[in-house]
Structure formats: structure tokens, C-alpha cells
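What follows is a short report on a single structure.
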Amino acid sequence: MTTPNVFLRGSFAPVSEEITAFDLPVTGQIPAELTGRYLRNGPNPLGLDEPAYRFGEGHWFLGPGMVHGVRLRDGRAEWYRNRWVRSQRLAESLGEKWPSGPVHDNMDFAANTHVIAHSGRTLATVEAGPLPYELSYELDTIGPCDFAGTLPGGYAAHTKPDRRTGELHAIAYYWAWDHVQHVVVDPAGQVSRTTDIPVSGGPMMHDFALTGRYMVLFDLPVTFSLDAAAAGLQLPYTWNPAHQARVGLLPRDGSAADLRWLEVDPCWIFHTMNAYDDDQGRVVVDVVRYDGAYDVSLLAGDGPLTLDRWIIDPAAGKVTTQRLDDRGQEFPRIDDRAISRPHRYGYSAIIGEVSRATISLKGEFADRAFANALLKHDLARGTVEEHPFEADATAGEAVFAPSTADSAEDDGYVLAFIHNPDRSAADLVILAAQDFTGEPVARVHLPARIPLGFHGSWVPDN
Ligand SMILES: [Fe+2]
């Protein structure tokens, strides 16, 4: 193949420098109550010649991670930093000594998918075998993290913190396992429990959901393919129509024997927004659903992708679904403090460049999927507010930052990196959640582009 990889061009193109910049210029006023760091991870190949990535052979999901961070305090943007995660290969490519540490099954990788904070650690995370990497406050790599030797295998990109217990839940999967693993990390940062859940066919489980009673697992027809691996596909998870799609409810403290699977129609789900238990013993989970076949190895499907609500009734043994929004959106988030409990509000992003690169949509869906906008969903009223950006002002995932630790669910700010075409660089855009369609309260002008990437967190200092 001689076509340059779409994920090396345009809004996806990697940056080549690590930057440290202080006292960033701001339009508007940064809310004085925001003290902490906004962090976001994403793939950033070392260069356009990176062998594993050039000329259509590489996969967007496989570029080494680069974490971008902005520190806010006293109404100022004190710094911006971007740092590659130093895996062994990456450190050696940069001529540096690798800050060595544990490695699961030779799967060392510069974690590129999410960046979170737990028990005082900043962690870059990735799924499918490798360990997370721990970063310093200033985003330098400390080393691989196996939670002080307590994690038996690899970890996961997506995690769910439970505010009540202080625990961090995850589902780890790995192609060489005949199971997936529920991993609970305690508030002190050690794995307190793992539960192996038998599965067949090596399903990819990118995300899951948490309620007060259950882990909600998605065993969908995207599975590890030896044929695809043999054919040289670098992320050999393909659509497998023979694999029964099902959703599982695992009691949080239960064993695999307690898990209840319910069959669903074939579909693909990268992300959940949130889940909770209702007062009738059912589980409500909001998801971004790709209708029909989706091939993760090729990042290709027909769509549409929609925001849907699944109501899982274990007593009746059935799953009913509702359409919440048919705009082609992704990266659903809520106020993290509401994880596992009923949420009224949700946020998501319409990112035209990502839609164009990952799904072929036709007709009316296309018009709505190829814009650039952040969305705020009021799921109690059934309304959606849209904050649009210009066609070439590519948006990123929106993250909610509460005004104070105890403020109401909607009382706070929505943060995202948005490309500013006038400056050919990114802005950290801060919207007031309760004035979502109004002018941003602040735009922090960053010194460089930020390539389209994946997930991040608002990490308050305390
Ligand atoms: Fe994700």
C-alpha cells in the first residue's frame, strides 16, 4: 500500500517536539476554583518514518502515547507540557535510559489511551496486555506500574472509580487468555481482588460500566483473529459474525458463577457513558452503539453510531433499548462523581475527522456526524445542547470538572482541547456547564498543535 496513513495526516498528524511553556495566554477568565491538571493521552508516532506506522500499515491505536497537560491555578494557566510515555523502545529511540520496571508477557508499550489519577499516582493506561505507566506530576515517565506487584497480568485502558468506596474497577483482556479479568484496585493503590470470567474467542472489551451492584460487561462480536494476525494486521481484532453478542451482569463482589449473560443483537460498543441500578432491579446503561458490523482491525463499519439506552432486566432475562440521540457522536462522559449512580447529564463529542476516518456514513447521518461540536445531554428532560466549532476546528473528548468537590452534578466546567485554525495550534476550551452554548469562559492558547487523540481526566490537586 502506498497511500500515506490517514492517521499521520491533517488533524491526526503527530507532533515532533516535547514542549514546556509557562504562563499561557488566555482569552476570557479561567475559573479561580479550578486548581489542578487537565490531562489527555493519545497516540503520537515518533515520526512520519516510524516503521510500524507508515503508509497505511500502522493502526491509529498503536502509536506510542503522548500525554498533554495544562496546569490551572488561581485563574492562571501555569504550564503546558507534552511528554511521550517512555516505554523501553521509545526511551531507546530518544537515546535515553529506560526507567525499567515490570513487564507483562513481553508486552511493554507506551500506554496511549487514557490518563487517570488514583491513590496519588498519575497513570497512562492501555488495554490488551501491557501495564500502565506511572507519570510524575510534570508528566515525566516514572516507569511501568503493576500496582506494587499486586497486578497478575495486564491492565485496561478504561477504569471506573467508585467515589463511595474509593475503589478503581477495570476489566482486563488479553488475546492469550481464555478469560477476561475483573480487577479491583483499593484506595491505597494495590489490587485487592481479581475475578476471572471465562469467555471464548478472545473478545475485545474496550470499556464496561459500573453500577452500585454490578459490573456490566460487553462480550461483542469483535474478537482476536489469528488469521488477521498472520496476515500482518497489527491490531487483529475483527468482526466475527459467529460470535454471539451478549451483555453480562457480574455482581461486584461475585464470582464468575454469579455472572448473568443476556443475548443482544450484533453491534459494537467502544464506550459507555454510565450505568446505574433502577428501583426495579434493572440496570440502565447508556452506550454509543455502532449498528451492525464493525471491524476494529480496519477501523471500518457502516454505522450509524448512536447514543442508546439499554435497560437490562435480569429477572425477565431481556434487554430493551431506547434511542437517546442519533447524532454520530463518541467519547461519552459524565461527571465522574456520578459513576455507578443515576446521572442526569452527559457530554460527548462530534469529531468530523474521526468519523470520516473510522466509519462510512451515508445520508442524513453523515451531515450530523462530520461536524465538530461538543454535546451536553440532559437525560431527564431528553434534550441536547450543542456547542459547535468551525469545520476545521477539530474537537476532542469533553471532560467535566466540578466547581467544588461537593457541587451539584451540573455545577462546573467542561474542558476539551480544540484545534484553533487561526493559530494552527490547540486551545484548551473551558465551557460553563450551565451555559453550555454560551461563549467559552476561557480559551487557553497552547503553543502547539495537539493531534486528535483519545481520553483524559481533570485531576484536581487535592
Ligand atoms: Fe476508549
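Details
- Think of it as helices only: each DSSP H run of n ≥ 4 in the chain is worth -39500 (n - 2.57), and spread over all residues that comes to -1000 deg cm²/dmol at 222 nm.
- Label point at ASP278 placed 7 Å out along Cα→Cβ; residues across segment 330-348 whose backbone nitrogen lies under 17 Å: 340-345
- Kirkwood radius, segment 312-462, all distinct C-alpha pairs, inverse of mean reciprocal distance: 16.5 Å.
- Note on ARG344/ARG213: beta-carbon distance plugged into 1/(1 + (r/R0)^6) with R0 of 22 Å gives a FRET efficiency of 0.60.
- Accessible surface, per residue, of segment 215-262 when the full set of protein chains is kept, probe 1.4 Å, Å²: 41
- Pairwise centroid distance, computed over Cα atoms, of segment 254-283 with segment 284-329, Å: 12
- Sites ASP196 and SER360, calculated FRET efficiency, Cβ-Cβ separation with R0 41 Å, nearest 0.05: 0.65
- Estimated distance in nm for a label pair at ALA315 and THR165, the labels positioned 7 Å out from Cα along Cα-to-Cβ: 2.4
- What segment 16-127 shows is 40 Å² of accessible area per residue, with the surface traced by a 1.4 Å probe over protein heavy atoms.
- Expressed in units of 2.2 N^0.38 Å, where N is the residue count, the Cα radius of gyration of the chain is 0.91.
- When a 1.4 Å probe is rolled over the protein heavy atoms, the share of accessible surface on the chain that falls to carbon and sulfur comes to 48 percent.
- Note on LEU298 and ASP140: their simple-model spin labels are 4.6 nm apart, each label 7 Å out from Cα toward Cβ.
- Modelled spin labels at ARG76 and ALA13, positioned 7 Å past Cα toward Cβ, are 3.4 nm from each other.
- Relative contact order (%) - criterion: Cα under 8 Å, at least six apart; region: the chain: 13
- Sites TRP261 and MET107, calculated FRET efficiency, Cβ-Cβ separation with R0 35 Å, nearest 0.05: 0.80
- With all protein chains modelled, accessible area of HIS419 [1.4 Å, Å²]: 40
- Fraction of the pair-distance distribution of segment 101-235 above 25 Å, Cα-Cα pairs, percent: 23
- Solvent-accessible area per residue, Å², over segment 288-351 with all protein chains present [probe radius 1.4 Å]: 33
- Fully extended contour minus Cα-Cα distance, from ALA231 to GLU33, at 0.36 nm per residue: 66.0 nm
The values are calculated or read from the model by the stated rules, or taken from the named source; none is laboratory data. What you see is a predicted model, and the numbers here were worked out from it, not measured in a lab. Glycine gets a Cβ as well: all are built from the backbone with ideal geometry, and neighbour counts include every protein chain shown. All accessible areas refer to the heavy atoms of the entire protein, side chains included, with ligands and DNA or RNA removed. Shrake-Rupley method; radii C 1.70, N 1.55, O 1.52, S 1.80 Å.
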